[in-house]
Amino acid sequence: MTTQTDARSQKTRHDLPAPLRELFDLTLARVAQKVAEDEPGLGVEFPYVTRTDGSWDLMPASLSAGYQGEAWSHGNWFCGFWVGLLFASYLRTGDEHYLVWARERMRLVAQRADDGNTHDIGFIFESSAIPGFHITGDDWYAQIALRAADRLRARLVTTPAGAYIASWGPMDDPRGRRSSAIDTMANLPLLYWAANHSGDGSYRLAADAHAAMTAKGFIRPNDSTYHAVEYDEATGKRTRGFTFQGLHDESDWSRGQAWAIYGYVVSYRETRRAAYLDLAERTANYYLARLNGRLVPPWDFDATGPDADIKDTATTAAVASALLELGDIHPDETVALSWRERGLEMLAGLCREEFADEASHRGLLRNSCYSRPHRIGVASATMFGDYFFVEALCRAAMPGKFLPSSAPVIVAGHS
Ligand code: GLY
């Protein structure tokens, strides 16, 4: 029998030391302030990366993904993240202006739910429509997320060796159809959510199949990851591993490693497959080994010389969020708490060392790197980095409020 005293002496995995609670609360309050200052000036566009003067570069949500000749343009895959920041700001402040803004912005973003050309609809809608539904209970948000999930599920390519989600391009274009990127792992939460919400397990089957095929096609023997691969559709064998945003095809693009960690944590949470827990921990351990005690990794772990000074705080933010989730769901109490501690350390480090508190810098995290090879958003804030930072803050400071989460686990014996 559990007495009241027993219950009080138990500690949940969500407990937060007071100094961290204060740091995260203050940071979220400052986030809400910055977002409210910027929102009225955005018009119909959305923040993307900061310019050298610290102001946001903007892009309309309507910019969809597509080929421009031989070059692939990702379009605006950032727009949902801003909606997520508005919802998190509402949670922190209780100010309903944020809900009004979020709904207006969601109307602008919703058109992208029919963009069948890109896996990024996962990023776009898991950061906007899913928190929108979770926080407001308004079915309008859920219906938008389900529309996007249908498009993402339709990108599944089945081979004799398994099935994968093709990451970009029209599905009848062989250039995209044969290709997949490690980033897709972080787009799977949309499919898992759709399965849970609708009761239609085919969304989960698609996500699970992709996670299993990615384990074979992307993870190198040392637990590092390829950024992208091409498969032979007739056999399912990988024909090529390559990169767009990394240093070279065999290098360790740090954010790619973050997407793998993030995707396997979520895949374990949603399927409880031990293989995914193992992959989440192996890819995280590889990341930590290469991080070698630093807070923020270089944009590519194999960068050398002055290039290695270019950091990517978005990677730290995504890994922190993933490790907090891992700390929530890991079946071993001791291991769970140690992953959680690593996640909290990273998050606190970002708040203390990389948060752009100055009015002239409109982003939240300094020193992200969207793409070094393309020279876009280098030493900038990036909208995705800011979003994963805030997602991690919400996970730590208000668990279960921003996104649906697994039930809190009671850790017996910790007081
Ligand atoms: N497309 C996701 C990334 O740039 O990391």
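Summed over the range 258-276, residues that are surrounded by fewer than 22 Cβ atoms within 10 Å (Cβ to Cβ) and not in a loop (DSSP other than H, G, I, E, B) total 4. On inspection, Ala379 fails the criterion of being modelled with pLDDT of 95 or more, more than 14 Å from the ligand (Cβ to nearest atom) and either touching an Asp or Glu at 6+ places or on another chain (Cβ under 9 Å) or open to solvent by less than 50 Å² (accessible area, probe 1.4 Å) (or both).
In the set (1) away from the ligand (no atom under 16 Å from the Cβ); (2) in contact with a Pro (Cβ under 6 Å, 6 or more places away or on another chain), the condition left unmet by Asp95 is number (2). Against the test of being away from the ligand (no atom under 16 Å from the Cβ) and open to solvent by 10 Å² or more (accessible area, probe 1.4 Å), the options Gly132, Gly66, Gly137, Gly54 yield a single qualifying residue, Gly137.
Out of the range 284-315, which residues are assigned to a helix (DSSP H, G or I) and β-branched (Val, Ile, Thr)?
Just the residues of the range 284-315 that are assigned to a helix (DSSP H, G or I), to begin with: 284-291, 305-309, 313-315.
Hits for the range 284-315 are Thr313, Thr315.
From the list Thr159, Thr184, the lone residue that is touching a strand residue (DSSP E or B) at 6+ places or on another chain (Cβ under 7 Å), away from the ligand (no atom under 16 Å from the Cβ) and β-branched (Val, Ile, Thr) is Thr159. The combined condition, being among the basic types (Lys, Arg) and either open to solvent by less than 20 Å² (accessible area, probe 1.4 Å) or within 16 Å of the ligand (Cβ to nearest atom) (or both), is fulfilled by Arg255.
Restricting attention to the range 168-186, which residues are part of a helix (DSSP H, G or I) and within 18 Å of Thr239 (Cα to Cα)? It would help to see each step written out before you state the result.
Looking only at the range 168-186, we keep the residues that are part of a helix (DSSP H, G or I), and these are 174-177, 182-186.
Residues satisfying the conditions are Pro174, Arg175, Gly176, Arg177, Ile182.
Taken over the range 336-375, the residue count meeting the criterion of being more than 16 Å from Thr313 (Cβ to Cβ), open to solvent by 10 Å² or more (accessible area, probe 1.4 Å) and not charged (D, E, K, R) is 8.
Given the criteria more than 16 Å from the ligand (Cβ to nearest atom), on the phi < 0 side of the Ramachandran plot, open to solvent by 50 Å² or more (accessible area, probe 1.4 Å) and outside any helix (DSSP H, G or I), does Pro399 qualify? Don't jump to the end; show me each part of the working.
Working: more than 16 Å from the ligand (Cβ to nearest atom): yes; on the phi < 0 side of the Ramachandran plot: yes; open to solvent by 50 Å² or more (accessible area, probe 1.4 Å): no; outside any helix (DSSP H, G or I): yes.
For Pro399, the condition - more than 16 Å from the ligand (Cβ to nearest atom), on the phi < 0 side of the Ramachandran plot, open to solvent by 50 Å² or more (accessible area, probe 1.4 Å) and outside any helix (DSSP H, G or I) - is not met.
Only one residue in Glu230, Glu281 is within 25 Å of Ala154 (Cβ to Cβ), away from the ligand (no atom under 16 Å from the Cβ) and either outside any loop (DSSP other than H, G, I, E, B) or acidic (Asp, Glu) (or both). Which one? Quick ask: steps written out before the conclusion?
Working: Glu281 fails: within 25 Å of Ala154 (Cβ to Cβ).
Step by step, each of Glu230, Glu281 is checked, and only Glu230 is within 25 Å of Ala154 (Cβ to Cβ), away from the ligand (no atom under 16 Å from the Cβ) and either outside any loop (DSSP other than H, G, I, E, B) or acidic (Asp, Glu) (or both).
Here Gly293 fulfils each of the conditions (1) within 16 Å of the ligand (Cβ to nearest atom); (2) open to solvent by 10 Å² or more (accessible area, probe 1.4 Å) apart from (1).
Taken together, the residues in the range 187-227 that are more than 16 Å from the ligand (Cβ to nearest atom) and not in a loop (DSSP other than H, G, I, E, B) amount to 23.
Within the range 59-167, considering only helices (runs of 4 or more DSSP H) that don't extend past its boundaries, which have at least 3 residues that are closer than 22 Å to Glu391 by Cβ, of a type in the set (Gly, Ala, Ser) and out of contact with any Lys or Arg (no Cβ under 8 Å at 6 or more places or on another chain)? Show your work before the answer.
Numbers: elements: 79-93, 97-110, 121-126, 129-136, 139-153.
By residue number, 79-93, 139-153.
For the range 12-41, give me the residue count where each residue is open to solvent by 20 Å² or more (accessible area, probe 1.4 Å) and either in a helix (DSSP H, G or I) or over 13 Å from Leu393 (Cβ atoms) (or both).
Initially, the range 12-41 is screened for residues open to solvent by 20 Å² or more (accessible area, probe 1.4 Å), giving 12, 14-23, 25-26, 29-30, 33, 36-38, 40-41.
If we keep only those that are either in a helix (DSSP H, G or I) or over 13 Å from Leu393 (Cβ atoms) (or both) too, we end up with 12, 14-15, 17-23, 25-26, 29-30, 33, 36-38, 40-41.
Counting residues in the range 12-41 that are open to solvent by 20 Å² or more (accessible area, probe 1.4 Å) and either in a helix (DSSP H, G or I) or over 13 Å from Leu393 (Cβ atoms) (or both) gives 20.
Looking at the range 243-252, which of the residues that are touching a Lys or Arg at 6+ places or on another chain (Cβ under 9 Å) and closer than 13 Å to Ser224 by Cα is nearest to the ligand (Cβ to nearest atom)?
Gly246
The values are calculated or read from the model by the stated rules, or taken from the named source; none is laboratory data. Every value quoted in this text rests on a predicted model; they were computed, and no experiment measured them. Using ideal geometry, Cβ is built from the backbone for each residue, glycine included, and neighbour counts are taken over all protein chains shown. For accessibility, only protein heavy atoms count, side chains too; no ligands or nucleic acids. Shrake-Rupley method; radii C 1.70, N 1.55, O 1.52, S 1.80 Å.
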